[in-house]
1. Arrange the peptides 91-103, 69-81 so that the one whose residues have, on average, the most other Cβ atoms within 10 Å appears first.
2. If you average 1/r over every pair of different alpha-carbon atoms in the range 1-104 and take one over that average, what Kirkwood value in Å do you get?
3. Points 7 angstrom from Cα along the Cβ direction at Thr245 and Ser29: gap in nanometres?
4. For the peptides 151-157, 53-59, what is the packing order when you average, over each peptide's residues, the other Cβ atoms within 10 Å and list the highest mean first?
5. Compute the signed sum of charges (Lys and Arg +1, Asp and Glu -1) over the other residues within less than 13 Å, Cβ to Cβ, of Met81.
6. Rank-order 169-176, 275-282 by packing density, defined as the average count of other C-beta atoms within 10 Å over each peptide's residues, highest first.
7. Leu256 to Leu286: FRET efficiency via 1/(1 + (r/R0)^6), r the Cβ-Cβ distance, R0 51 Å, to the nearest 0.05?
8. As a footprinting exposure proxy, order Phe160, Phe294 by other Cβ within 10 Å, with the fewest listed first.
Amino acid sequence: MTEPHPGLSIVVPVYRGAATVGILVDALSRLHPEGGLEVVLVNDGSPDNSGDVCRALVKTATIPVIYIEHSRNFGEHNAVMTGLRHASGSYIITMDDDLQNPPEDVVKLYDHARLGDWDVVYTRYAKKEHAGWRNLGSRFANRVADWLLDKPRGLYLSSFRCMAAPMVREVTLYRGPYPYIDGLLMQVTQRIDSIEVGHLPRAEGQSNYNLRRLVLLWLNLATSFSLAPLRLAILLGIVMALLGTAGAVATIIEALSSDRTPSGWASTMTVILLVSGVQSMILGVLGEYVGRTFLSANGKPQGAVRAILRNNAEPGRLDRAA
């Protein structure tokens, strides 16, 4: 019989995962980590029949399974935050439902964190089985994170990670509508390590991360946990102001020292367009911060839970995670 508080909880955000989540849970049920395990499935408004598959798993799984259903799609990090709040293990692993992370690496990751007394352990891959543009986007996001976040230089931020329960409790105190879990972790600990694991080709379908979702993720990273974009906007403003001052002085000197009419309609238009573009970018950065602050102040929810099922349990009542 599994202990009330297992050694390991595995949180899996589910989106278009009907074909794979059952295989994943079956593979996880064959593992025997120290202290036992539970699986927390969070259906993030998936448009396929992932909900039906997860509900069936609650009835048939041989390990403790908690099924949580969002009332709509809130995003991967929001779904993971909901799962973390319902996980009871001493350590919590987050992983995707697409079977690209080999389930047998779960115990390896858990033991490394537990035996090494690490607060967080990330995974890294010798080779990622993603499309080229996706790998490029991941490298770009990690370079940006090196600049914006107080993280160990070169640490790869993977969604397949293991966290100690005290760190999870600190992270889940955040109730804003734009969570970025790695940014939250960097704010509460520096006891972080990483290990190399396998990465498999996607078993079914295509990645749910398109260019739009990646851009939104970068915005969460840039605007939720750092003032660097605002400082960059200030720096650009100063540079453009200095260039404008130098150009004005040069124009005045040329007009006073020469009878020629100063030429340069094309260059004038170029400067106007350049300055206007920089100003628009600065206003956009400011607007992004103001807009997010406005939505947070007005109580935009981080997630809305419509049902919770546990093994041999009745559906939970309507719950709202703000």
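No lab work stands behind these numbers, since they all come straight from the coordinates. Quantities reported herein were computed from a predicted structural model and do not represent experimental measurements. So basically every Cβ, Gly included, is an ideal-geometry build from the backbone, and we count neighbours across all protein chains shown.
1. Values: 91-103: 23.3, 69-81: 21.4.
Ranked from most to least packed, the peptides come out as 91-103, 69-81.
2. Working: mean 1/r = 0.0747 Å⁻¹.
Its Kirkwood hydrodynamic radius stands at 13.4 Å.
3. About 7.2 nm, to one decimal.
4. Numbers: 151-157: 14.6, 53-59: 18.7.
Packing order, densest peptide first, comes out as 53-59, 151-157.
5. Working: positive: Arg85, Arg169, Arg175; negative: Asp44, Glu76, Glu170, Asp182.
Local net charge: -1.
6. My ranking of the peptides, most packed first, is 169-176, 275-282.
7. Working: r = 38 Å, r/R0 = 0.75.
The formula returns an efficiency of 0.85 here.
8. On the way: Phe160 21, Phe294 10.
Taking fewest neighbouring Cβ atoms as first place, the list is Phe294, Phe160.
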